[in-house]
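Novice: Dumping the structure here so I can ask a few things about it.
The values are calculated or read from the model by the stated rules, or taken from the named source; none is laboratory data. A quick note: this is a predicted structure, and the numbers were derived from the prediction, not measured. Quick reminder, even Gly has a Cβ in these numbers, built from the backbone with ideal geometry, and neighbours come from all protein chains shown.
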Amino acid sequence: MAGPSAGLRLADLGARVIKIERPGTGEGGRKIAIKNLFAGDDSIVFHTINRNKESYEADLKNPADLDKIKKLIEKADVLTHNFRPGIMEKIGLGYEEVKNINPRLVYGVVTGYGSKGPWAAKPGQDLLVQSMSGLTYLSGDKADDPTPFGIAVADIVCGAHLTQGILAALVRRGKTQTGSLVEVSLLESVLDLQFELLTTYLNDGKKEPVRAARGNANAYLSAPYGVYQTRNGYLALAMENLVRLGIILDCEALKAFPDSEGWFTRRDEIMAILNNFLQEKDTAAWLSLLEPADIWCAEIFNYQQFLNHDGYKVLQMDQEVVLQNKEKLRTTRCPIRIDGGKLLSDKPGPLLGQHTLPIDLEFNLATA
C-alpha cells in the first residue's frame with residue numbers, strides 16, 4: 001500500500017499516474033480484499049487506492065515490452081516502485097540505468113527495511129514492520145499482549161513520506177534541471193512516527209515504555225491522559241492539570257495528588273480513581289462540565305456515531321467513485337484543500353490494461 005498510496009496522493013494533486021502491470025493477472029493488489037469485498041473483478045481496496053490512475057500492461061521480462069517502458073520513462077517526470085532490493089536492477093531499470101535514459105527523472109523507491117542489512121530481503125509487510133519496530137508495545141494496556149494498530153499505518157505513513165520526498169525533488173529539479181533518487185522504507189517511516197517516544201527512550205536511560213494499567217493512550221504521558229468508561233459510553237481525557245480537573249469534576253479523591261510528579265509515577269492509581277468516578281454519570285453530563293471549562297476531552301465514537309455526526313458531515317469528506325459497470329463506490333476524498341477547494345475525482349481504479357493501446361498511440365510505443 002505504500003507505493004500505491006503515494007501514487008494516489010499525487011493523482012489527487014493533479015499528476016497523471018500510469019500503473020505498469022503484468023499481463024493477464026495485473027498487480028497483486030487487485031485480489032487483496034478486506035472482508036472479501038469486490039467490485040467487479042477487483043477488490044474494493046484496489047478501486048479506492050488506485051482511483052484516477054491508468055493501467056498499462058507490460059511484461060518487464062519481455063525485451064519488446066521493456067523497450068516500450070524505457071521509451072515511456074524518457075517522457076516521465078517520476079518513476080516509483082516497491083520491489084525488493086535488486087529486482088529493478090535485474091530487470092535493467094535500476095536507478096543508474098534509468099538515470100541514463102532520463103537524467104531529469106525523480107526515481108522513488110519503497111523498501112521494507114532499506115536496501116542493505118540483514119532484513120533487506122525480508123517481506124516488507126505492514127504488520128511485520130509494526131511488530132519489529134517496537135510500535136506494538138505502545139497500544140493496549142499494561143497487561144495486554146503486543147497490540148498492533150488496526151490499520152496499515154506503516155504503509156500509509158511511508159506513502160506520505162514518499163510523496164513528500166518526490167515533491168521536494170521536483171522542486172529541486174525545477175532549479176537544477178536534474179533528477180533525484182528518493183528512498184523511503186516502511187521501517188524508517190514507522191520509526192519516524194515514534195520519534196517523540198524514541199527520543200524519550202534514548203535520553204531517559206533507555207527505560208522501556210510502560211503502558212498504563214487501564215485506559216492507556218500514551219505510555220509516556222501522565223494521568224489523566226487516557227480513556228475512561230462512563231455510565232453509557234467512553235470519554236477521552238488529554239493533557240490536563242489534575243488539581244483543576246478534580247475541582248471541575250468535584251472529585252474529592254483527586255485532591256490527594258497535588259504534586260505533578262506523582263501524576264506519572266502514580267498514574268495507574270489516579271486513572272483507576274477517575275475511571276470509577278466517571279462511571280457515575282453519562283458521557284454527555286461530563287462533557288457539559290468539562291467543555292465549557294476548556295478541558296481537553298472528547299466522547300469516543302464508533303463509525304456509526306461519527307459518520308452521522310454534523311462534525312463529520314461539515315467536512316464533506318465523502319465522494320463517489322463510478323466504476324466501469326456504473327456501480328457507485330462510496331469512499332473518502334483527498335484530505336488536502338488548496339485555496340479552499342476540495343480535491344475530488346470520481347474516476348475509478350482502471351481495468352487491467354485499459355490504457356495500454358491509447359498510451360502506445362500517444363507516445364508512439366506501438367512500433368517499438
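Novice: Go through the stretch 269-346 and tell me which strands (runs of 3 or more DSSP E), entirely inside it, have 1 or more residues that are closer than 30 Å to GLY215 by Cα and hydroxyl-bearing (Ser, Thr, Tyr).
Specialist: 328-332
Novice: Just one of PRO335, PRO292, PRO348 is surrounded by fewer than 14 Cβ atoms within 10 Å (Cβ to Cβ) and either under 30 Å from LYS53 (Cα atoms) or not assigned by TED's automatic domain parsing to the domain that holds VAL243 (or both); which is it?
Specialist: Of the residues listed, the single one that is surrounded by fewer than 14 Cβ atoms within 10 Å (Cβ to Cβ) and either under 30 Å from LYS53 (Cα atoms) or not assigned by TED's automatic domain parsing to the domain that holds VAL243 (or both) is PRO335.
Novice: Scan the stretch 347-363 for residues that are in a loop (DSSP other than H, G, I, E, B) and either free of Cβ contacts under 8 Å to residues at least 12 places away in the same chain or in contact with a Phe, Trp or Tyr (Cβ under 8 Å, 6 or more places away or on another chain) (or both) and report the count.
Specialist: Summing the residues that are in a loop (DSSP other than H, G, I, E, B) and either free of Cβ contacts under 8 Å to residues at least 12 places away in the same chain or in contact with a Phe, Trp or Tyr (Cβ under 8 Å, 6 or more places away or on another chain) (or both) in the stretch 347-363 gives 3.
Novice: Could you tell me which of the residues ILE87, ILE101, ILE49 is closer than 29 Å to ALA120 by Cβ and over 26 Å from the mean Cα position of the chain (by Cα)?
Specialist: ILE101
Novice: Sticking with this one: Considering only the stretch 286-319, state which residues are farther than 15 Å from LEU237 by Cβ and in contact (Cβ under 8 Å) with a residue 12 or more places away in the chain.
Specialist: GLN316, MET317, ASP318, GLN319
Novice: Among the residues of the stretch 63-119 satisfying the criterion of being among the polar types (S, T, N, Q) and touching a helix residue (DSSP H, G or I) at 6+ places or on another chain (Cβ under 6 Å), which is surrounded by the fewest Cβ atoms within 10 Å (Cβ to Cβ)?
Specialist: ASN102
Novice: While we're on this one: For the stretch 34-46, what are the residues that are under 20 Å from the mean Cα position of the chain (by Cα) and surrounded by 15 or more Cβ atoms within 10 Å (Cβ to Cβ)?
Specialist: Listed by number, the residues that qualify are SER43, ILE44, VAL45, PHE46.
Novice: For the stretch 203-226, indicate whether the set of residues that are basic (Lys, Arg) and within 17 Å of PHE301 (Cβ to Cβ) is non-empty.
Specialist: no
Novice: If you don't mind, there's one more thing I want to ask. What is the one condition in (1) of a type in the set (S, T, N, Q); (2) more than 12 Å from PRO224 (Cβ to Cβ); (3) touching a residue at least 24 places away in the same chain (Cβ under 8 Å) that ASN275 does not satisfy?
Specialist: For ASN275, the exception is condition (2).
Novice: Continuing with the same structure: Give just the number: which of (1) farther than 30 Å from GLY7 by Cβ; (2) more than 27 Å from the chain's Cα centre (by Cα); (3) not aromatic (Phe, Trp, Tyr) does PRO358 not satisfy?
Specialist: Tallying (1) farther than 30 Å from GLY7 by Cβ; (2) more than 27 Å from the chain's Cα centre (by Cα); (3) not aromatic (Phe, Trp, Tyr), PRO358 fails exactly one: (1).
Novice: Of the residues SER189, SER180, only one is within 30 Å of GLY94 (Cα to Cα) and touching a His at 6+ places or on another chain (Cβ under 7 Å); which?
Specialist: SER189
Novice: Here's a follow-up. Of the residues that sit in the stretch 190-208 and are of a type in the set (D, E, K, R) and free of Cβ contacts under 8 Å to residues at least 40 places away in the same chain, which one is farthest from PRO146 (Cα to Cα)?
Specialist: Per the criteria, the residue is ASP204.
Novice: If you don't mind, there's one more thing I want to ask. Within the bounds of the stretch 55-66, is there any residue that is under 28 Å from the mean Cα position of the chain (by Cα) and within 22 Å of THR163 (Cβ to Cβ)?
Specialist: yes
Novice: May I ask you to list the residues in the stretch 295-316 that are of a type in the set (Asp, Glu) and either in the same structural domain as ASP141 (by TED's automatic domain parsing) or surrounded by 15 or more Cβ atoms within 10 Å (Cβ to Cβ) (or both)?
Specialist: GLU299
Novice: Another question, if that's okay. Consider VAL322 against the criteria (1) loosely packed, with under 14 Cβ neighbours inside 10 Å; (2) within 30 Å of TYR220 (Cα to Cα); (3) touching a residue at least 12 places away in the same chain (Cβ under 8 Å): it satisfies all of them except one. Which criterion is unmet?
Specialist: (2)
Novice: Then there is this: Return yes or no: is LEU128 at pLDDT 95 or above, assigned to a strand (DSSP E or B) and either closer than 23 Å to ASP59 by Cα or not hydroxyl-bearing (Ser, Thr, Tyr) (or both)?
Specialist: The answer is no for LEU128.
For every residue, the table says whether it meets (1) in contact with a strand residue (DSSP E or B) (Cβ under 6 Å, 6 or more places away or on another chain); (2) hydrophobic (A, V, I, L, M, F, W, C).
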{"position": "ARG172", "(1), (2)": "no, no"}
{"position": "SER185", "(1), (2)": "yes, no"}
{"position": "THR200", "(1), (2)": "no, no"}
{"position": "GLY205", "(1), (2)": "no, no"}
{"position": "ARG214", "(1), (2)": "no, no"}
{"position": "SER222", "(1), (2)": "no, no"}
{"position": "ALA256", "(1), (2)": "no, yes"}
{"position": "GLY262", "(1), (2)": "no, no"}
{"position": "THR265", "(1), (2)": "no, no"}
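Novice: Report those helices (runs of 4 or more DSSP H) wholly inside the stretch 8-103 carrying at least 2 residues which are touching a residue at least 40 places away in the same chain (Cβ under 8 Å) and among the β-branched types (Val, Ile, Thr).
Specialist: Correct list: 44-49.
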